[in-house]
Amino acid sequence: QVQLVESGGGLVQAGGSLRLSCAASGRTFSRDARGWFRQAPGKEREFVTVISWSGGSTSYADSVKGRFTISRDNSKNTVYLQMNSLKPEDTAVYYCAARRFGFGAVAADFESWGQGTQVTVSS
């Protein structure tokens, strides 16, 4: 079982930036794809972005394209989410997730999840 721990959330003004981190421990697999999802109050959990194990492939939700960037450092078992030009609608709990096989945006295909980190963007 992979343990994922997110950090870096907080309160930021609209237009600001935050960088989230997702550190993995336990039975880690450097070939796992990692994704970020988010859930706002009263809404369903939604896909944000995913990165392949090599870092060579990424995919983003339309709502964050051009503003968010996912990256990974396999030597540290850590994935990052750089969030720029933040908007109030980006306010949510952000979850990191890992999947051993495949590459995609479906939450049900990810086997391991972190506990989430709160991101709040004020207007």
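The values are calculated or read from the model by the stated rules, or taken from the named source; none is laboratory data. Given the structure is predicted, the values throughout are model-derived calculations rather than measurements. All Cβ positions, even for glycine, are placed from backbone atoms using ideal geometry, and neighbour counts span all protein chains on display. Protein only, heavy atoms only, side chains kept; ligands, DNA and RNA dropped before computing areas. Shrake-Rupley method; radii C 1.70, N 1.55, O 1.52, S 1.80 Å.
Residue by residue through segment 19-57, note down the ones that are of a type in the set (V, I, T) and under 12 Å from the mean Cα position of the chain (by Cα).
V48, T49, V50, I51
Would you check if there is a residue in segment 67-82 being of a type outside the set (S, T, Y), under 26 Å from V121 (Cα atoms) and in contact (Cβ under 8 Å) with a residue 60 or more places away in the chain?
First, pick out the residues of segment 67-82 that are of a type outside the set (S, T, Y): 67-68, 70, 72-74, 76-77, 79, 81-82.
Those left that are additionally under 26 Å from V121 (Cα atoms): 67-68, 70, 72, 79, 81-82.
Checking which are in contact (Cβ under 8 Å) with a residue 60 or more places away in the chain leaves us with 81-82.
The answer is yes, given that some residue of segment 67-82 is of a type outside the set (S, T, Y), under 26 Å from V121 (Cα atoms) and in contact (Cβ under 8 Å) with a residue 60 or more places away in the chain.
Can you pull out every residue in segment 54-102 that is touching a helix residue (DSSP H, G or I) at 6+ places or on another chain (Cβ under 9 Å) and open to solvent by 40 Å² or more (accessible area, probe 1.4 Å)?
Those that are touching a helix residue (DSSP H, G or I) at 6+ places or on another chain (Cβ under 9 Å) and open to solvent by 40 Å² or more (accessible area, probe 1.4 Å): S54, S63, F101, G102.
Which of the residues that make up segment 11-20 are part of a strand (DSSP E or B) and more than 14 Å from Y95 (Cα to Cα)? So that I can check it myself, show each step before the final result.
So the first thing to find is which residues in segment 11-20 are part of a strand (DSSP E or B), and the list is 11-13, 18-20.
Of everything in segment 11-20, those that are part of a strand (DSSP E or B) and more than 14 Å from Y95 (Cα to Cα) turn out to be L11, V12, Q13, L18.
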